[in-house]
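Right, one structure below, let's go through it.
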Amino acid sequence: MNIYEDYLNDLNQDLECLEREPLDALSKSEQGIRKITLVIKKLRDKVVLEGFRGKDEEIHFFKHIKPQVFGKLIYYRKLFTMESKRPRSTNEAQRQYFVTQIDKLQEYFNNNQEFYHYYRSGATFLDEHYFMRRDAEITFHLDTLHVVTDIPFSTSHDSSVAVIMAYNQLIVYSKKEIGKLDNGYVKITESHKGNSIPKLFWTSTKVDLIELIYALHASGAINRGAANINDIADSFEILLETDLGDYYRTYSEIRSRKLHRTKFIDKLKESLDQHMLNLDR
């Protein structure tokens, strides 16, 4: 399974670098689609030729690995379409456009509540049915019709997970664009008026940032503990100009770590301790 994880990690790093490039959404989408398509071919070739060592490995691949890759492909394809059709008129017209897009995306979750709750709850009792390549009926989605007929590389519900991941990310993107249009995404304090505010970019991994956000939320360090996780995550996305994607799912994966569940927080502590020791010398 390590090679599949390596493919995914390499892709995530490439896409994070792409997101930091000073490009418009259409250009990023085109480049992202090309990068992801190459990784999909590698994954498919390896799965079809070598298969898996057992059912646990197969389930893990089709529940966690493949959906992340295909989810990113769906995200960039939908984002390209969304931005291509974006009104080039008033802010209010653009705002309403993104509100409508969110409603359309949310409709998918409303129509698929049973599986959505199964997946988001972390349940596993139907995994053999949903995420193994058997003669089960494959769930069709307009966004995945190009792959669902690929039986050696498909299960009944891996495409459903991919759609969930992509649509969550698109909703986050749309909300961020609405925030920009509302001019509420940057709050300038009195001390900053008349001065330019330096741009900050998160240069570690998204997983690290999500771990930090959940630590701040758990500690009650923001708004005396009254801030919910969505508000904190949205604020960091805007401040650091990044897209956290499905941070609930990422946090679930952090919780499932066998060792060092607070890997990034531990690293921060060690780095600060070392920095203070260096200053004391």
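No lab work stands behind these numbers, since they all come straight from the coordinates. Keep in mind the model is a prediction, meaning the values are calculated, not measured. With ideal geometry, Cβ positions are generated from the backbone for all residues, glycine too; neighbour counts draw on all protein chains shown.
Could you work out the mean projected area of the convex hull around the alpha carbons of region 187-281, in square nanometres to one decimal?
For region 187-281, averaging the hull's shadow over all directions gives 8.5 nm².
Just the projected area, averaged over all directions, of the convex hull on the alpha carbon atoms of region 1-131: how many nm²?
For region 1-131, the mean projected area of the Cα convex hull comes to 9.7 nm².
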Rounded to the nearest 10 degrees, the helix 91-111 long axis (Cα) sits at an angle to the longest Cα principal axis of the chain of 40 degrees
Helix-only [θ] at 222 nm, the chain, -39500 (n - 2.57) per DSSP H run of 4+, per residue, nearest 500, equals -21000 deg cm²/dmol
Burial-style ranking of 235-242, 89-96, average other-beta-carbon count within 10 Å with highest first, yields 235-242, 89-96
Filtered hits (lysines, Cα-Cα < 21 Å from Lys175, offset >= 8 within chain) -> Lys28, Lys72, Lys78, Lys85, Lys104, Lys187, Lys199, Lys206
With Cα coordinates, the longest principal axis of the chain makes an angle with the long axis of helix 229-240, in degrees rounded to 10, of 70 degrees
So for R0 = 25 Å, FRET eff. of Glu50-Phe115 from the Cβ-Cβ r, to 0.05, ends up at 0.30
Long-range share for region 1-42, i.e. C-alpha pairs more than 14 Å apart as a percent of all pairs, stands at 49 percent
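Using 0.36 nm per residue of separation minus the Cα-Cα distance, give me the extension gain between Ala226 and Leu279 in nm, one decimal.
Between Ala226 and Leu279, full extension yields 15.5 nm more.
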With the 8 Å Cα cutoff and a minimum separation of six or more residues, the chain has a relative contact order in percent of 19 percent
Distance in Å, no decimals, from the C-alpha centre of region 54-129 to the one of region 241-255 is 14 Å
